[in-house]
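> Here it is: the structure, laid out below.
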Amino acid sequence: MVALAGTVGLATLIPASGAAARTAEAACDLAVALLFFLYGARLSTRETLAGLRHPRFHTLVLAATFGLFPLLGLATALFTPLPLTDQLQTGVLFLCLVPSTVQSSVALTGAAGGNVPAAICAGTYSSLAGLVLTPLLAAWLLGSHAELSAGGLLRIGLQLLAPFLLGQVLRPRIGGLLARHRRALTPVDRGSILLVVYTAFSAAVTQGIWGLATPNALLGLLTVLLVLLAAALSATGLGARLLGLDRAAAIAAVLCGSQKSLANGLPMAAVLFGPEAGLMLLPLMLYHELQLVVGTVLAGRWARAPAGASGRGAAPGRGPAPARGSHGSGKPGPNPLA
């Protein structure tokens, strides 16, 4: 959070321009390709296939991520209480097209006493689906804002899909090495994301974009993001109850279905929007921080609640948590926001 804020501040005070901007854009392209190569090399095919045995759970998460969220994003254009700039409104809609995250979903699910293997598989499936669905939905809903001509599609294939598939092919050879040096590679992951942010905001600053971000627009954005998060949490909680997921699986579904991936979303935005990303990244960045804060509060309340509790602070679903690795289904329980 501090690094993201600092990077935006650096781009505002010392934006890259001219030759420096072109160099930053080229480095950004390479960083995005490296990031998706690492995603592919780390993905366990065995764990991914094992999760296919639990279709109801994953259908709920995917439906929330790529069905409910786009509908909510379209609704914001009609019901936003305060006016947003065109860039912010586009950014809100793009946020709604981004896949779910793996890292924070898994961490919060574990802290809440939910089904961690289910969260891992849900985040993995969402990321894989996002490689295809996010660009396609962007082409449909964002129109001229996204670079989805034949050349744009080729760029997406070269920068996202090709490195990811190459990582999958090389996983048997390098997967173990990457797993042993996961901590050493963390700066690569985070550095790539920060480079995307710096490059995009530098271009925005040189275009005078901050002059368009009025206090009313930023207040309207914050309101919209809070409503989006509340709606996603409520809908996934209700869906888990209707599908009869047990408590641990319901916790995982609520947290995974309401999260959006900064690690996947920012590189995708850089590819789709190019130098014009600018303020379009701000909604995703702010939503990411909100989901962490709210998710941490909910995880703490659910962890303290007994398995069969109901009412305020109770975790979704009833009954004891299933054995580790089982997504499970049991009697439906109360909405997590009840």
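The values are calculated or read from the model by the stated rules, or taken from the named source; none is laboratory data. From a predicted model like this one, the values you see are computed outputs, not experimental measurements. Note that each Cβ is placed from the backbone with ideal geometry, even for glycine, and that neighbours are counted across all protein chains shown.
> Quick one: is Leu266 hydrophobic (A, V, I, L, M, F, W, C) and within 22 Å of Ala77 (Cβ to Cβ)? Even if it seems obvious, please write down each step before you answer.
Details: hydrophobic (A, V, I, L, M, F, W, C): yes; within 22 Å of Ala77 (Cβ to Cβ): no.
No; evaluated as a whole, the condition is false for this residue.
> Checking Thr206 against (1) over 18 Å from Met285 (Cα atoms); (2) modelled with pLDDT of 85 or more; (3) surrounded by 15 or more Cβ atoms within 10 Å (Cβ to Cβ), which single condition isn't satisfied?
Single failed check for Thr206: (2).
> Another one. Looking for something of a type in the set (Val, Ile, Thr) and in contact (Cβ under 8 Å) with a residue 40 or more places away in the chain - is there at least one such residue anywhere in the range 277-293?
Initial filter on the range 277-293 (of a type in the set (Val, Ile, Thr)): 293.
Keeping just the survivors that are in contact (Cβ under 8 Å) with a residue 40 or more places away in the chain gives none.
Scanning the range 277-293 turns up no residue that is of a type in the set (Val, Ile, Thr) and in contact (Cβ under 8 Å) with a residue 40 or more places away in the chain.
> Still on this structure, I have one more. How many residues are of a type in the set (Val, Ile, Thr) and either under 18 Å from the mean Cα position of the chain (by Cα) or at pLDDT 90 or above (or both) when one looks only at the range 212-237?
Step one: filter the range 212-237 for residues of a type in the set (Val, Ile, Thr), giving 214, 223-224, 227, 236.
Still in the running and either under 18 Å from the mean Cα position of the chain (by Cα) or at pLDDT 90 or above (or both): 224, 227, 236.
The qualifying residues number 3.
> Taking the residues in the range 274-292 that are more than 15 Å from the chain's Cα centre (by Cα) and either under 16 Å from Ser105 (Cα atoms) or of a type in the set (Gly, Ala, Ser) (or both) as candidates, determine which candidate is surrounded by the fewest Cβ atoms within 10 Å (Cβ to Cβ).
Keep residues of the range 274-292 that are more than 15 Å from the chain's Cα centre (by Cα), which gives 274-279.
Of the ones still in play, those that are also either under 16 Å from Ser105 (Cα atoms) or of a type in the set (Gly, Ala, Ser) (or both) are 274, 277-278.
Values: Gly274: 17, Ala277: 26, Gly278: 26.
The selected residue is Gly274.
> List the helices (runs of 4 or more DSSP H) that sit entirely inside the range 1-113 and contain at least 2 residues that are buried (at least 23 other Cβ atoms within 10 Å of the Cβ) and among the β-branched types (Val, Ile, Thr). Explain how you work it out, then say what you get.
Working: elements: 2-13, 19-42, 45-50, 55-63, 69-79, 86-95, 103-112.
Helices (runs of 4 or more DSSP H) meeting the threshold: 86-95.
> Go through Thr85, Thr80, Thr48 for me and flag whichever is modelled with pLDDT under 80 and either farther than 25 Å from Leu142 by Cα or touching a strand residue (DSSP E or B) at 6+ places or on another chain (Cβ under 6 Å) (or both). Walk me through it before giving the result.
Values: Thr85 fails: either farther than 25 Å from Leu142 by Cα or touching a strand residue (DSSP E or B) at 6+ places or on another chain (Cβ under 6 Å) (or both); Thr80 fails: either farther than 25 Å from Leu142 by Cα or touching a strand residue (DSSP E or B) at 6+ places or on another chain (Cβ under 6 Å) (or both).
Thr48 is the lone residue from the list that is modelled with pLDDT under 80 and either farther than 25 Å from Leu142 by Cα or touching a strand residue (DSSP E or B) at 6+ places or on another chain (Cβ under 6 Å) (or both).
> Hey, another quick one. On the given criteria, is Gly333 modelled with pLDDT under 80, within 21 Å of the chain's Cα centre (by Cα) and more than 20 Å from Cys96 (Cβ to Cβ)? Outline the logic, then answer.
On the way: modelled with pLDDT under 80: yes; within 21 Å of the chain's Cα centre (by Cα): no; more than 20 Å from Cys96 (Cβ to Cβ): yes.
When the stated conditions are applied, Gly333 does not pass them.
> May I pose another question? Among the residues in the range 235-250, are any closer than 18 Å to Ala64 by Cβ, in contact with a Phe, Trp or Tyr (Cβ under 7 Å, 6 or more places away or on another chain), touching a residue at least 24 places away in the same chain (Cβ under 8 Å) and buried (at least 23 other Cβ atoms within 10 Å of the Cβ)?
yes
> Next up: Of all residues in the range 192-244, which are closer than 14 Å to Ser258 by Cα and among the β-branched types (Val, Ile, Thr)? Give the steps one after another, and end with the answer.
Initially, the range 192-244 is screened for residues closer than 14 Å to Ser258 by Cα, giving 225-240.
Residues satisfying the conditions are Val227, Thr236.
> Same structure again: Give the range 56-101 a look and list any residue that's hydrophobic (A, V, I, L, M, F, W, C) and within 23 Å of Glu276 (Cα to Cα), or say none. Full working, then the answer.
Going residue by residue through the range 56-101, those that are hydrophobic (A, V, I, L, M, F, W, C) are 57, 60-64, 66, 68-69, 71-72, 74-75, 77-79, 82, 84, 88, 92-98.
Scanning the range 56-101 gives Leu74, Ala77, Leu84, Leu88, Val92, Leu93, Phe94, Leu95, Cys96, Leu97, Val98.
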